[in-house]
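Asks: This structure is in structure tokens; I'll ask about it shortly.
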Amino acid sequence: MADDDIFSTYDAKARFSELLRRVREGRTVTVTYQGEPVAEVRPLGRPTGTAARLEWLRSRGVVVGPGDQTAGLESITQRPGALERFLADRNE
């Protein structure tokens, strides 16, 4: 572990965003109190392989399965037929 992956308690609080950026990069960060290591912040284990990764994303609601394509989706158009109006205006 590099010395730049060691944060004092004070620095960990003050530079929390930087600490999390390092963890997102896959690094493990050690937090010390009065010079003694007290905690380790590390990336969570993520599933490997396409099927495992897809299931992990599905379980968190990031993606939906083929049977649930419209589950939880709401129309963002204010009036129906926006695409038709756009295409009609474009072709004029």
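No value in this document is a laboratory result; all are computed from the given coordinates. Quantities reported herein were computed from a predicted structural model and do not represent experimental measurements. Counting neighbours? That spans all protein chains shown, and the Cβs are built from the backbone with ideal geometry, glycine included.
Asks: By the scheme Lys and Arg +1, Asp and Glu -1, what is the net charge of all other residues having a beta-carbon under 10 Å from that of Val41?
Replies: For residues surrounding Val41, the net value is +1.
Asks: Right, another one. From the phi of every residue in the stretch 48-53, what ³J(HN,Hα) in whole Hz does the Karplus formula 6.51 cos²θ - 1.76 cosθ + 1.60 yield, where θ is phi - 60° and glycine or proline is x?
Replies: 10, x, 5, 5, 5, 5
Asks: Check Phe7: other-chain or 5+ apart residues with amide H under 5 Å from its amide H, H built from backbone geometry?
Replies: Thr30, Val31, Thr32
Asks: Once the other residues with Cβ under 13 Å from the Cβ of Leu19 are scored (Lys, Arg +1; Asp, Glu -1), what is the net sum?
Replies: Taking every other residue near Leu19 into account, the sum is +1.
Asks: Quick one: length gained pulling Thr48 to Val63 fully straight, 0.36 nm per residue minus the C-alpha distance?
Replies: Answer, rounded to one decimal: 3.7 nm.
Asks: How big is the stretch 1-64 on each of its three principal axes, counting only the C-alpha atoms and giving the largest first in Å?
Replies: 46, 21, 16
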